[in-house]
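Taken together, the values in this text are just the output of simple stated rules run on the coordinates, not laboratory data. This is a predicted model, so every value here is computed, not measured. FYI the Cβ positions are ideal-geometry reconstructions off the backbone, even for glycines, and counts take in every protein chain you see.
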Amino acid sequence: MSENRKRRKMVSIRLSEEEFTDLKEKADTLGETVPAFLRKKALGQRVRSPLVDREAGLEMAKQLRAIGNNVNQIARKVNQGDPQVDLTAIRKELNEIWQSLSSKLQK
């Protein structure tokens with residue numbers, strides 16, 4: 001055992017396949033490993049659900065990257081003095097996106 005290891009004590013339990021599957025699903029839902037999930041539960045720590053699941057989070061990150069790229073292109077055009085850029089419409093659309101995202105996170 002490594003001298004640098006913080007947790008030196010090990011607790012072992014036996015679970016049925018069904019119990020382990022259920023536990024793994026709960027841990028996965030929370031973005032935790034089974035040992036980390038069990039440790040938190042055993043020590044009475046609050047285990048909080050993420051606001052969005054993993055797939056939704058990845059999709060939001062992808063969409064935010066795309067929006068960021070678009071904002072950079074718009075900024076470039078504005079800085080070059082392009083008269084066709086309508087910042088009011090862009091601001092309105094970004095506000096709608098923010099409202100939509102905010103309402104989904106509050107549910």
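As a calculated quantity, the FRET efficiency between Trp98 and Thr33 at R0 = 35 Å, using C-beta atoms, amounts to about 0.55.
Summarised as an ellipsoid, the stretch 54-106 has semi-axes of 26, 14, 5 Å, derived from the eigenvalues of the Cα gyration tensor scaled by 5 and square-rooted, with the largest first. The string of couplings for the stretch 96-101 from the Karplus curve (6.51, -1.76, 1.60, θ = phi - 60°) is 5, 4, 4, 4, 4, 5 Hz, one whole number per residue in order, with x for Gly and Pro. Between Ser16 and Lys40, the contour length at 0.36 nm per residue exceeds the Cα-Cα span by 6.6 nm.
Taking Asn95, Asn69, Asn79 in turn, the Gaussian network model of the chain (Cα-Cα springs below 10 Å) assigns the largest fluctuation to Asn79.
Across the chain, Cα pairs under 8 Å and at least six residues apart give a relative contact order of 16 percent.
Using a Gaussian network model of the chain in which every pair of alpha carbons under 10 angstrom is joined by a spring, one finds that among Ile74, Ile13, Ile90 the greatest mean-square fluctuation is at Ile13.
Mind checking the angle between helix 17-29 and the chain's longest principal axis? C-alpha axes, 0 to 90 degrees, to the nearest 10. The angle comes out at about 30 degrees. Non-local lysine pairs in the chain, meaning eight or more places apart or on different chains, with alpha-carbon distances under 29 Å, amount to 29.
Placing a pseudo-label 7 Å from each Cα along the Cα-to-Cβ vector at Ser49 and Ala61 gives an inter-label distance of 2.2 nm.
Relative to its residue count, the chain spans a Cα convex hull of 176 Å³ per residue.
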